[in-house]
Amino acid sequence: MGSFILFLESISVGLYIFVALLFIWNIRAFILAKSELRVAQFGLEREMAQRQGGRSFTFLVIAIELLIFIWAISTIAAPTWRDGLPEETLNLGPRENFQTSTPSQLGEFNPIPTTQNSGFEIIQTAPPPSTPVGTIIAPGGREGCTVDQAFIQIPGDGQLVFEPIEIIGVANVENFAFYKFELRRDRPDTNFAPLGVEYTQPVPTLSELGQFIPSNYLEGVYRLRLVVFDTSSMPIASCEISIVISPPVPTETPIGQ
């Protein structure tokens, strides 16, 4: 309601002009109707003149009421409404006066110092860890890994694996043909066995290489190997790490009060 009152006040000048034109037009129509009524000789002419005069008189009354209404809005209602608003609402300046609150520091969160640009305050947040490899149980050492040819970043060497996990790394050599994964128990008398299909698209930068599902294997320590082949089906590069397959880690159950 208040916004409507202030809107009417802002266009009050235009409303005054409109009401004035309406008043003048109907004054003229009323005078013409009176003149026609005086010179009318037939009943139909007198009736039409009377109707015209009545309509003009009605619009004159409406124009006067509109004039009073606009005057009351612009001189009484709007100033009274404006006086009731908080001063800071009325004097709100340009954008630099607009401020938003920032979350308070909770727990271990420590924000990096802010930077400023054109009056705005930008809060920088700490980047996520580059390699969220999970729990490392028994690192067995990487073998043959080269970051630009054959490399496994996730899972990390010695990582505990108990649910399906995306393998992140690099697989790319000159005259690339395909790469595959191999797995064996970490025992002297075991050999590598291939895992799943061969992948025919190179991965030159750190990205998803495939997925490993530990539920297909017994618990224990394993050696996981990535092997990259060229167009002559020769293994050109490889990366070997240790992983520990285990059942799902139980979650703590809250104790009822």
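Bear in mind that the values in this text are calculations on the coordinates, not laboratory data. Quick caveat, the model's predicted, so the values are computed rather than measured. No Cβ is skipped: glycine too gets one built from the backbone with ideal geometry, and neighbour counts run over all protein chains shown.
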Report task. Please work out the Kirkwood hydrodynamic radius for segment 2-89, using every pair of different C-alpha atoms, and report it in angstroms with one decimal place. Result -> 15.2 Å
**Report entry** Translational D in µm²/s for segment 150-245 (Stokes-Einstein at 25 °C, 0.890 mPa s, Kirkwood Rh from C-alpha pairs)
**Finding:** 182 µm²/s
Report summary line: Checked against the positive end of the charge dipole of segment 2-89 (+1 on Cβ of Lys and Arg, -1 on Cβ of Asp and Glu, about the Cα centre), the farthest of Ser12, Met48, Val61 is Met48
**Report entry** Gain upon complete extension [Asn191, Leu6; 0.36 nm per residue less C-alpha separation]
**Finding:** 58.2 nm
Query - Highest average packing first - 219-231, 13-25, Cβ atoms within 10 Å - result: 219-231, 13-25
Report task. Mind computing the radius of gyration and Dmax over the alpha-carbon atoms of segment 1-42? Å is fine for both. Result -> 17.7, 55
Query raised in the report: What full-extension length gain, to one decimal in nm, is calculated for Glu182 and Arg28 as 0.36 nm per residue of separation minus the Cα-Cα distance?
Result: 45.3 nm
